[in-house]
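Structure first, commentary second.
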Amino acid sequence: MSESSIPKIQAAEESPATRRAFLAAGTAAGCAYVAALGYPVYRYLASPVEQQAALAAVSEVTLKDAQKLAPGTALMFRVGPSPAMLIHHRDDSWVALGAVCSHLGCTVQYIAAQNRIHCFCHGGEYDPNTGANIAGPPPKPLRRFDVRVEKDGVVVSRA
C-alpha cells in the first residue's frame, strides 16, 4: 500500500470560542462555589451585631392572655428577632428567658416533664428557673428578662 492510498485523518482543533466559553463557565461555577462557602461565614460573623442592634431596639413585649398559661408549661415568643420563652412554673412563679443557646445559637426547648431546658443541637442543658448553664458545651447562661403578670397579659422586659 502506498502512502497516498491511506486516508489522512486531520486533528480537529478546538475553536477559541469553545475554550473561551469553557473558561467562562468554569469561572462562573468557581464564583458560585466561593459565594456558597462565604455567605454562611458572613452570616455567622455579622448576625450577632445585627441581632444585638435589633434586640436593643425592643425594650418590652406584652403577651396578651399569657397569664392564662397553665402551670408547668412554656410559651415561645419573640423579642425583636430573637426567640424567647415564658415559663409558668408549677409553684406559680414566672420566668422569661432567651431561647438561643449560648453555644452555637440553636433554639432551646423547655421539657416540662423533666423541668429542664434542653438544646438538641449539642446536648446543652439549662436551669429553667435561672437560665444558668448546667450541662453540655454552652459557655454562658441564657439571657434573662423581667416578668410582670397583669390582668391583660404578661409583660416581658429587658432586665
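Of note:
- Segment 136-159, subset within 12 Å of VAL100 (Cα to Cα) and in contact (Cβ under 8 Å) with a residue 40 or more places away in the chain, residue surrounded by the fewest Cβ atoms within 10 Å (Cβ to Cβ): ARG144
- Selection within segment 89-116: residues that are over 17 Å from the mean Cα position of the chain (by Cα) and aliphatic (A, V, I, L, M). The member of this set that is surrounded by the fewest Cβ atoms within 10 Å (Cβ to Cβ) is ALA113.
- For segment 86-98, the criterion of being of a type in the set (Ser, Thr, Tyr), within 25 Å of VAL156 (Cα to Cα) and modelled with pLDDT under 85 is met by no residue.
- Members of segment 121-135 found to be surrounded by 14 or more Cβ atoms within 10 Å (Cβ to Cβ), of a type outside the set (D, E, K, R) and closer than 15 Å to THR107 by Cα, listed by number: CYS121, GLY124, TYR126, PRO128, GLY131, ASN133
- Subset of segment 91-108 [closer than 18 Å to ALA66 by Cα and in contact (Cβ under 8 Å) with a residue 24 or more places away in the chain]: SER93, TRP94, VAL95, ALA96, LEU97, GLY98, ALA99
- Some residue of segment 37-57 being assigned to a loop (DSSP other than H, G, I, E, B) and modelled with pLDDT under 60: no
The values are calculated or read from the model by the stated rules, or taken from the named source; none is laboratory data. Since the structure is predicted, the reported quantities are computational estimates derived from the model, not experimental observations. Every residue, glycine among them, receives a Cβ derived from its backbone with ideal geometry; neighbour counts consider all protein chains shown.
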